[in-house]
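Okay, structure first, notes after.
The values are calculated or read from the model by the stated rules, or taken from the named source; none is laboratory data. Keep in mind the model is a prediction, meaning the values are calculated, not measured. We place every Cβ from the backbone using ideal geometry, glycine too, and count neighbours over all the protein chains shown.
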Amino acid sequence: MTRKWFTSDLHFKHKNIVSFSKRGVDTTAEEHDAWMQQLWNETVAPGDLVYHLGDFCFNAKHKVVADILEKLNGQKIMIKGNHCKDDTYHSLLKDGLIVSYQDYKEVKIGATKVCLFHYPISSWNGQGRGSWHLHGHSHGNFQDTKGKMLDVGVDNYYNMYGIHGFFTEDQIAMHMGNQAIYVGDHHKIIEE
């Protein structure tokens, strides 16, 4: 059975990411990329689907990113982050190393609409109807959240579970079940 995984901000090739996060608990700056590759491949099976919500690699060169992607299990759906370069990711798409690449994507977890974007936003499509917003960018530091939103980055996974990992659909659904619907714009909460 194909599993779906959600993550963000892996920051391959970022020499300082270990000192900017709690990754130093598990790895060193020199071993970060090998550790991240091992974490990915121990989590993701070859047929699984991974939604990566931006900032996969700190280096934007096609060959560097392609070499990393070729070593990772699963089908990769990439959302653009602030360290992602369009020309690189469009080339990776043409090469078949990723399934898709876009700024924003909507998917479903169960019957619920889920809005995927690199950045945390306070208003998203279907918010008043209980849709969810998954994001990255903040490395688990953005705590001023209202409503059904979640930072799915590897660093926030550590904040929530005490280990580094990728989010499953079940973990996301359990988290969202504890969150109230919040609408910060002119739309109203609509119970369906």
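Odds and ends about this structure:
- Residues of the stretch 46-62 that are part of a loop (DSSP other than H, G, I, E, B) and in contact with a Gly (Cβ under 8 Å, 6 or more places away or on another chain): PRO46, GLY47, ASP48, LEU53, GLY54, ASP55, PHE56.
- Selection from the stretch 141-167 of residues that are small (Gly, Ala, Ser) and touching a residue at least 40 places away in the same chain (Cβ under 8 Å): GLY153, GLY165
- Residue list for the stretch 71-101, restricted to those being part of a strand (DSSP E or B), polar (S, T, N, Q) and under 17 Å from ASP9 (Cβ atoms): none
- Positions within the stretch 147-192 being of a type in the set (D, E, K, R) and closer than 25 Å to MET78 by Cα, in sequence order: LYS148, ASP151, ASP155, GLU169, ASP170
- None of ASP87, ASP103 is at pLDDT 95 or above and either under 28 Å from ASN41 (Cβ atoms) or of a type in the set (Ser, Thr, Tyr) (or both) except ASP103.
Here's the yes/no breakdown for (1) modelled with pLDDT of 95 or more; (2) over 15 Å from SER8 (Cα atoms):
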residue	(1), (2)
HIS139	no, no
GLY147	no, yes
PHE167	yes, no
GLY177	no, yes
ALA180	no, yes
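- Residue selection: TYR182 fails the criterion of being touching a residue at least 24 places away in the same chain (Cβ under 8 Å) and assigned to a helix (DSSP H, G or I).
- Scanning the stretch 123-155 for residues being closer than 18 Å to GLY54 by Cβ and part of a loop (DSSP other than H, G, I, E, B) gives a total of 11.
- Single condition ASN73 does not satisfy, out of (1) crowded, with 20+ Cβ neighbours inside 10 Å; (2) touching a Pro at 6+ places or on another chain (Cβ under 9 Å): (1)
- Restricting the stretch 1-45 to residues that are of a type in the set (S, T, N, Q), assigned to a helix (DSSP H, G or I) and at pLDDT 90 or above, the residue that is surrounded by the most Cβ atoms within 10 Å (Cβ to Cβ) is THR43.
- For the stretch 117-168, taking the residues that are among the acidic types (Asp, Glu) and within 21 Å of HIS83 (Cα to Cα), the one that is surrounded by the most Cβ atoms within 10 Å (Cβ to Cβ) is identified as ASP151.
- Any chance VAL64 is in contact (Cβ under 8 Å) with a residue 40 or more places away in the chain, surrounded by fewer than 19 Cβ atoms within 10 Å (Cβ to Cβ) and not charged (D, E, K, R): yes
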